[in-house]
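The structure appears below as structure tokens.
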Amino acid sequence: DGRPDSILVGRVDRTRIGLSLGYLKLFQPEARVLCIMHGGSLGNQSAENSAYLACEIVRCLSRGEADIARLEFVKADSPLIEAAKGVPGILCRDHFPQTQLHGSLRLPGSFEDFLGGLSRKERHNLRRYETRLKADFTEELRFKCFRQVSQVEDLIRDTELVASKTYQRGLGVGFQDNLETRNWLCAAAERGTLRACVLYLRNLPCAFMIGNRYQQTLHGAFMGYDPQYTDYALGSLLLMHWIREAFEQTGEQGVSEIDLGLGDARYKRAIYNHSRQETLIHIFAPTFKGLRLNFQRTVTRLIDDSARKV
């Protein structure tokens with residue numbers, strides 16, 4: 001009846017598709033990818049709506065708008081995933097969708113309650129690292145929080161000093177001082193939802209944690225530390241400070257849940273108390289290029305999965 005009921009939010013990127021066996025990259029064909037971003041499925045996600053949207057994706061691909069559609073980590077048991085598996089023809093389906101755990105921390109009553117929920121080993125390690133850090137740096141240790149638009153330039157400068165040394169930079173991921181990041185930080189600061197913190201040792205930035213509050217959830221976006229301080233677990237200590245701050249926000253600024261984003265890591269598993277399965281799935285265009293990409297990917301994934309099982 002002319003009323004918006006369900007929306008998929010995405011964009012078309014021209015990128016290279018990595019087809020690998022383990023760490024060995026076999027092919028990197030270039031393709032246009034219709035990327036439905038993580039969190040981009042909004043509104044009434046009924047089975048009927050999801051099937052209709054999946055059909056529209058197939059029509060977009062048939063019209064040549066892209067070679068592949070990628071739905072980035074949608075809830076694994078959602079109708080949209082079922083539609084993405086069932087609507088396309090068998091030659092256009094993703095026969096090896098990727099599923100991973102996505103966790104979050106639902107905040108208890110207080111920061112002390114949160115610490116009490118950690119394992120005994122984790123609490124012991126945090127105390128040990130904190131004691132070692134304070135003993136070696138005494139008064140030269142400080143945390144600084146960034147919230148305002150006027151602080152964004154200082155945040156970018158100090159974060160870039162640390163990010164340039166991290167392993168994430170070597171992989172081409174993580175914090176990047178570019179126009180997209182700058183616009184995002186400025187927009188978050190203008191809305192009053194920016195939550196960033198930097199740890200300084202001897203007045204030099206050594207670790208950073210940057211996130212954004214949306215409604216009652218605090219989303220982690222960037223995290224990193226100077227590798228020369230690995231023995232002090234700066235990332236974990238800064239994360240604890242960042243979480244403690246979340247408990248101090250009240251009213252409209254209050255937070256009830258913390259989500260550190262996609263991907264699994266030991267430090268995430270240590271704090272999460274809630275989790276769900278999410279699936280990354282592709283739909284391939286019913287064109288020669290789309291079918292060729294699906295064939296290459298299917299063969300590569302079949303060999304890779306078989307080798308891992310062996």
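The values are calculated or read from the model by the stated rules, or taken from the named source; none is laboratory data. It should be emphasised that the depicted structure is a prediction, and the values quoted were computed from it without experimental measurement. We place every Cβ from the backbone using ideal geometry, glycine too, and count neighbours over all the protein chains shown. The protein model used for the area step is the full one, side chains on, heavy atoms only, and it has no ligands, DNA or RNA in it. Shrake-Rupley method; radii C 1.70, N 1.55, O 1.52, S 1.80 Å.
Which peptide among 119-126, 269-276 comes first, and what is the full order, when sorted by highest mean count of other Cβ atoms within 10 Å? Write down the numbers at each step before the final one.
Working: 119-126: 12.4, 269-276: 14.1.
Peptide ranking by packing, descending: 269-276, 119-126.
How large, in percent, is the carbon and sulfur part of the accessible surface of the range 1-108 at a probe radius of 1.4 Å? Don't jump to the answer; show the numbers that get you there.
On the way: 3220 of 6080 Å².
After summing per-atom areas, the C and S share lands at 53 percent.
Hey, if you put +1 on the Cβ of every Lys and Arg and -1 on every Asp and Glu Cβ in the range 69-146, which of Ser119, Leu107, Leu71 ends up farthest toward the positive end of that dipole?
Ser119
In whole percent, how big is the carbon plus sulfur part of the accessible area of the range 161-310, probe 1.4 Å, protein atoms only? Display every interim value, and only then the final one.
Numbers: 4050 of 7560 Å².
Here carbon and sulfur together make up 54 percent of the probe-accessible area.
Please give the peptides 127-136, 153-162 ranked by average Cβ packing (other Cβ atoms within 10 Å per residue), highest first, as a rough proxy for protection. Don't jump to the answer; show the numbers that get you there.
Values: 127-136: 13.0, 153-162: 17.6.
Most protected by this proxy first, the peptides run 153-162, 127-136.
On average, how much accessible surface per residue is there in the chain, in Å², for a 1.4 Å probe, leaving out ligands, DNA and RNA? Before the final figure, lay out each step's value.
Details: 17020 Å² over 310 residues.
With all protein chains present, the chain gives 55 Å² per residue.
Would you work out if the range 28-119 is rounded, prolate or oblate? Take a ≥ b ≥ c from the square roots of the eigenvalues of the alpha-carbon gyration tensor; rounded if a/c is under 1.5, else prolate when a/b is larger than b/c, oblate otherwise.
Details: a/c = 2.87, a/b = 2.20, b/c = 1.31.
Because a/c hits 1.5 or more and a/b exceeds b/c, the range 28-119 counts as prolate.
If ligands, DNA and RNA are left out, what is the accessible area of Glu65 with a 1.4 Å probe, given in Å² to the nearest 10?
Accessible area, nearest 10 Å²: 90 Å².
Let me make sure I get this right: for the range 145-212, a, b and c are the square roots of the gyration tensor eigenvalues over alpha carbons, sorted descending. Under 1.5 in a/c it's rounded, otherwise prolate if a/b > b/c, else oblate. Which is it?
Numbers: a/c = 2.10, a/b = 1.26, b/c = 1.66.
Here the range 145-212 falls in the oblate category.
Please report, ordered by residue number, every helix of the chain (full DSSP H runs) that is 27 Å or longer along its axis going by C-alpha atoms and whose mean Kyte-Doolittle hydropathy reaches -1.0.
For the chain, where a helix must reach 27 Å along its axis and average at least -1.0, the hits are 288-309.
Can you give the extra length, in nm with one decimal, that the chain gains between Asp264 and Arg276 once fully stretched, where that is 0.36 nm per residue apart less the Cα-Cα distance?
On the way: separation 12, 0.36 × 12 = 4.32 nm, distance 1.18 nm.
Full extension of this stretch gives 3.1 nm more.
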